[in-house]
Structures are given as structure tokens and as C-alpha cells.
Amino acid sequence: MRATQPRRSIGDIRMGRHYGAVEYDRIYRRRKPRYAAEALETSQRYLFQLTLDTLPAVGRIVEIGCGTGQFTQLLESRGFRDYVGYDFSAEAVRQARERTSLSVQVRDIEKEPLALQAGDTVVALEVFEHLEDDLALISEWPRGVLCLFSVPVFDAPNHLRWFLNEADVRSRYETCLALSTVLRVDSYRRPGTAPWFFAAGRML
């Protein structure tokens, strides 16, 4: 139970359970209005905006866990074209293709490794906490790849890990990424809760 969990090294403590593509298909169908909202009208507004502001001016953007394409649509509206988004939920990808002309594909990145190049930027918003072995996935990427990602400050049934503070985030991810930024990010809908850490770093 949560009350018995140690209050340190949260990023290494298993919390919830891994949800599969079929479960996410059901979630996206059931909560379609929530996932149909424009990116800057969601709780993640500040997270999306910070990620957008941190993106380099050139190079391919590879988004993993793109969901229904909220961030994809935002990128397209700002003129980004060199982009590919992946999600293992066929329903999420179907909805994403309804809102953007950028490339969005069904792919389980835990089973099908990404073909990345040193100049690529990987965007992984609310993704790593859902993966069985996020570090193994990241460690396969080539040196120089920039990764912009978020991790939660809160537990949830489908979170395999969450993080109490910046030190926890750095302790886990600086084993493979040279993190230049780790920031708490507020919720647009619930000011003052700051439910995410945003981080940026290049592969070592």
C-alpha cells in the first residue's frame, strides 16, 4: 500500500502496473472529449509550451507516446514539419490522424526499437513512468540525441514510478542523459499543484 512505501528513491520503486495497448484503446474511446481538446486548453498547457520553447530550431522531432496528437497538432500549427509520432494505441493514432497531417504511426517502442540519429530530438511527455524498463530503452539511443521528457510527481494505477524531487529525477536519468534542465511544471487547470517534472538532456 502507498502508506508503506519508502519516501526516498521513488523513481526506483514499483508503484502501479503496466497497461497494454488494448487498455489504452478503451481509455481513448471512453474519454474522447478530454483528448480532443486543443493542447493549450488542457492541464498540460505549461508542459506543452515549455517543451515547444525548448525544441531546437533544426532537426527531426521524434515523439514517443504521442497519444491523440495534441502536441503534434501544436507543432504543426507552429510550422514544424520534420516530425514523426509513435503510439502503441491504434485508437490514439486514429484520433491523432484526424487532427494533424504530420506522420503519426502505430508502434510499440518497447518491442520495436527506434532508428534514431545524433541530430534527432526525442519528445516523451508522460511516457517513461509507464514503461517497464525506461532506462534500457533510452540506453539504446545514439550519443548526441536530445531528449525532452516529463515524469510525474504523483502516483496513479498505471504509473510504474514517480518522483518526489529533482534529485530523484537526476539520480535515475543521469545514468544515460546529461540533464541540463529539471523543472517543476504547474497544471494549467489546477494552479499550484505542479504535478510534473520537465527535463532536457542529451545522450551521453
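Descriptive notes on the structure:
- Checking each residue in segment 132-159 for being among the aliphatic types (A, V, I, L, M) and free of Cβ contacts under 8 Å to residues at least 60 places away in the same chain picks out 135, 136, 137, 145, 153.
- Residue that is nearest to residue 123 (Cα to Cα), among those in segment 59-86 that are touching a residue at least 60 places away in the same chain (Cβ under 8 Å) and out of contact with any Phe, Trp or Tyr (no Cβ under 6 Å at 6 or more places or on another chain): 63
Residue by residue, here is whether (1) among the β-branched types (Val, Ile, Thr); (2) within 17 Å of residue 27 (Cβ to Cβ); (3) modelled with pLDDT of 95 or more holds:
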position	(1), (2), (3)
92	no, yes, yes
96	no, yes, yes
106	yes, yes, yes
115	no, no, no
118	no, no, no
123	yes, no, yes
128	no, no, yes
148	no, no, yes
153	yes, no, yes
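- Answer from 184, 143, 190 - the residue that is of a type in the set (Lys, Arg), assigned to a loop (DSSP other than H, G, I, E, B) and at pLDDT 95 or above: 143
- Selection from segment 177-198 of residues that are among the small types (Gly, Ala, Ser) and either farther than 22 Å from residue 143 by Cβ or in contact with a helix residue (DSSP H, G or I) (Cβ under 6 Å, 6 or more places away or on another chain) (or both): 187, 192, 194
- Matching residues, segment 161-175, being part of a loop (DSSP other than H, G, I, E, B) and surrounded by fewer than 20 Cβ atoms within 10 Å (Cβ to Cβ): 164, 165, 174, 175
The values are calculated or read from the model by the stated rules, or taken from the named source; none is laboratory data. Computed from a predicted model, the values in this text were never measured in an experiment. Because the Cβ atoms are built from the backbone with ideal geometry, glycine has one as well, and the counts that use them run over all protein chains shown.
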